[in-house]
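Each value in this text was obtained by applying a stated rule to the coordinates, not by laboratory testing. Given the structure is predicted, the values throughout are model-derived calculations rather than measurements. FYI the Cβ positions are ideal-geometry reconstructions off the backbone, even for glycines, and counts take in every protein chain you see.
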Amino acid sequence: MKKILHFLFVASTMFITSTVCAQSIDGVVAGLKKGDAVQVVSNANGNFSLAILDKKNTYSKDQAQQIIKDFFGKNSVKGFDVKHKGSSPSGQYAIGTLVTSGGNYRVNIFMKKEGGREVIKELRFQLIE
């Protein structure tokens, strides 16, 4: 009986952990689809790398949120389509196309496991020409 309970506990813990990790990158994707800078950076923990066009730097969560908000203000979001999504031992990633009034952008999202959860480590917006 103890072995069965132990197995159920381990299996449920793995399921919950995988669900929580999936929600973190899905939250970023949902924020991109809506053009919601607050939701995009909600999974940030401290500083992360943000690149929009040729401007790249490491920003705090609040700084990055303002930069992304300004970007969305100048480029009204019409949608976001995930082209590829995957995971590696260190975290998750997604690549997609952000459709805006100012053109289409390839967006790369890189998440890393930190403190028991997935956090944004890098976010890149590149204009598709």
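The table below lists the values:
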read-out	value
Ranked by how many other beta carbons lie within 10 Å on average, peptides 102-112, 73-83 from highest	102-112, 73-83
Sites GLN63 and THR97 - FRET efficiency at Förster radius 25 Å, r taken between beta-carbons, to 0.05	0.50
Cross-link partners of LYS61 among lysines (Cα-Cα below 18 Å; sequence separation of 8 or more within a chain)	LYS69, LYS112, LYS113, LYS121
